[in-house]
Amino acid sequence: MPTVAIGLQSPRSFVRRNHFTLGISVEIKHFLLGLTVSVSVLCVGGSALFAADSVQLGQGNLTAGIPGASTTSKLTVAEIKKFLDVPANHLELTVTLPEGLAAGSDALFIPTDNPLTRAKIELGRQLYFDKRLSGDNSISCADCHSPATGYGANTQFGVGIKGQKGNRNSPVSFNRILSKAQFWDGRAATLEDQAIGPMANSIEMGGSHDAVVKLITASEGYRIQFERIFAGEPNIGLAGKAIAAFERAIVTGPSPYDYNEPVRRMLESFPDELDDLDSLEKEDPNLFAKFSKAKKGAEANPMNESAKRGRDLFFNQKSNCSACHVGANFSDELYHNLGVGMAVAEPDLGRYTQTKVDKDKGAFKTPTLRNIAQTGPYMHDGSQNTLEEVVEWYAKGGHPNPHLSDKIKKLDLTAQDKTDLVEFMKALTGPFPLVETGRLPE
Ligand code: HEC
Ligand code: HEC
């Protein structure tokens, strides 16, 4: 028997000033087929239109947790039920990216079998911060990818259960919505696959998938969320889907670079027009308004002169950084050998371990450079502590080895050039969304 639930609400995105707004969501769920169909009807000023929930990632309360008393208290079953009963929390989200990152919207990847919803992102948030997913209740994803340390960790290697160290540096878990293959060597094809790895990794969370499923099943708060969100029994694959959904919602907001770039571009395209703003205001009010707005943003989020010079260096042939750190997320999502870690007898062979192709020996995935100032130490082996050290590495042409990328060559950089590159990278720092780190199910 299909059941029909009708709920009344006034979702935030639908509320307009001076308009009478009423949102009605109808949900039809067929238990035998496991099908859920949600239709949201919206009436604004009397006329009805269909609406999906459209959000800009990084804004609003997507990752702020189910509202409640305090940030550390447990989520009660009653609070969870109330949240699950709001139909809007189950609408498929249509997402846009923040300014800056939005330039990469073409590469935005959400698997068709794992659409984003508010409820799924919230469930993923809980799992991400829950230490009970580890073998001895001591480690969560956030121990190595904490919002407090830019979603990476400030240790050379990941430090897992019982203080055990791995052999690679913790990369960042944000802006994953622009990235498909995960890990330094790309061995996980999707974020969903990646997310379930650490739980059963003996030196990371040291648990087992069975134990995680048992925990979820034993906790009523978790169980009802899985049942409602996935229309099925909890299993490890679904936990991976929820965590991946949460990670996709963690994106970097606009940085000083993103605020200054539009001004730079306009000045480059319209040098004469923008030279005389008084005439421009009369002759091309549109361009004038656009420029004034961009300029205001840039003034409120300044880039110093050194960073501006660094921007030009970064993108030009002289330093060639954008040969690999390209696009809105500053990564080509490919694998390159810079010679990092290659000076030892048995180096980590990186991408080669997956492909067994010779040229991939010692090649690692190009990391994003967004918010890079917050996420040292650097490189797959955490061997470089500062951005200054990284720039020196590139300046000397990496470490010679038979598989060094042909894009890595000795650079002719002055001391000022090096400082400028570092200043530019610092200007790539933008805000993270509001994230609740506590409030987990009882
Ligand atoms: C003990 C520390 C530790 C824990 C706990 C941990 N990670 Fe990681 N994470 C790492 C390290 C180290 C890597 C890189 C490993 C590699 O490339 O071989 C990594 C890689 C990743 C990546 C790939 C990023 C990229 O750029 O390819 C993501 C995403 C990620 N972790 C998310 C998670 C999630 C989700 C959890 C919890 C389920 C988790 N991690 C738990 C240390 C940890
Ligand atoms: C051939 C492609 C390539 C070029 C060119 C390149 N990078 Fe990289 N970059 C990478 C790869 C791959 C890594 C990770 C290497 C590793 O860990 O073995 C990396 C790592 C980094 C890191 C550390 C990131 C982290 O999270 O650990 C920074 C910072 C960086 N690059 C900045 C630059 C700058 C600045 C330039 C220009 C001077 C540059 N890159 C040129 C591919 C490249």
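The values are calculated or read from the model by the stated rules, or taken from the named source; none is laboratory data. Source: prediction; values computed, not measured. Cβ coordinates were reconstructed from backbone atoms using ideal geometry, including for glycine residues, and neighbour counts include every protein chain displayed.
Residues in the range 375-390 that are more than 7 Å from ligand 2 (Cβ to nearest atom) and assigned to a helix (DSSP H, G or I): Glu388, Glu389. Once the range 391-421 is narrowed to residues that are in contact with a Gly (Cβ under 9 Å, 6 or more places away or on another chain) and near ligand 2 (Cβ under 8 Å from one of its atoms), the residue that is farthest from Ser173 (Cα to Cα) is Leu411. The residues of the range 369-404 that are within 16 Å of ligand 1 (Cβ to nearest atom) and among the aromatic types (Phe, Trp, Tyr) amount to a single one, Tyr378.
What about Ile372, is it touching a His at 6+ places or on another chain (Cβ under 9 Å), modelled with pLDDT of 95 or more and near ligand 2 (Cβ under 9 Å from one of its atoms)?
The answer is no for Ile372.
Could you tell me whether Ile161 is near ligand 1 (Cβ under 10 Å from one of its atoms), more than 23 Å from Gln56 (Cα to Cα), in contact with a Lys or Arg (Cβ under 7 Å, 6 or more places away or on another chain) and aliphatic (A, V, I, L, M)? No. A single entry from Asp420, Asp358 fulfils the requirement of being farther than 20 Å from Val344 by Cα, among the acidic types (Asp, Glu) and away from ligand 1 (no atom under 16 Å from the Cβ): Asp420. With respect to the stated conditions, Asn169 is within 14 Å of ligand 2 (Cβ to nearest atom) and buried (at least 23 other Cβ atoms within 10 Å of the Cβ).
Of all residues in the range 166-176, those satisfying the criterion of being touching a Gly at 6+ places or on another chain (Cβ under 9 Å) and within 19 Å of Ala242 (Cα to Cα) are Val172, Ser173, Phe174, Asn175. Within the range 140-157, the set of residues being near ligand 1 (Cβ under 7 Å from one of its atoms) and touching a Gly at 6+ places or on another chain (Cβ under 6 Å) comprises Cys144, Phe157.
Taking the criterion of being crowded, with 19+ Cβ neighbours inside 10 Å and within 16 Å of ligand 2 (Cβ to nearest atom), the residues of the range 182-218 that qualify are Gln182, Trp184, Asp185, Gly186. Scanning the range 390-414 for residues that are more than 30 Å from the chain's Cα centre (by Cα) and of a type in the set (Lys, Arg) returns Lys396, Lys409, Lys410. Inside the range 330-355, residues that are near ligand 1 (Cβ under 10 Å from one of its atoms) and closer than 21 Å to Leu313 by Cβ make up a count of 1.
With a requirement of 1 or more residues that are touching a Lys or Arg at 6+ places or on another chain (Cβ under 9 Å), the helices (runs of 4 or more DSSP H) lying completely within the range 251-311 that satisfy it span 256-269, 285-300.
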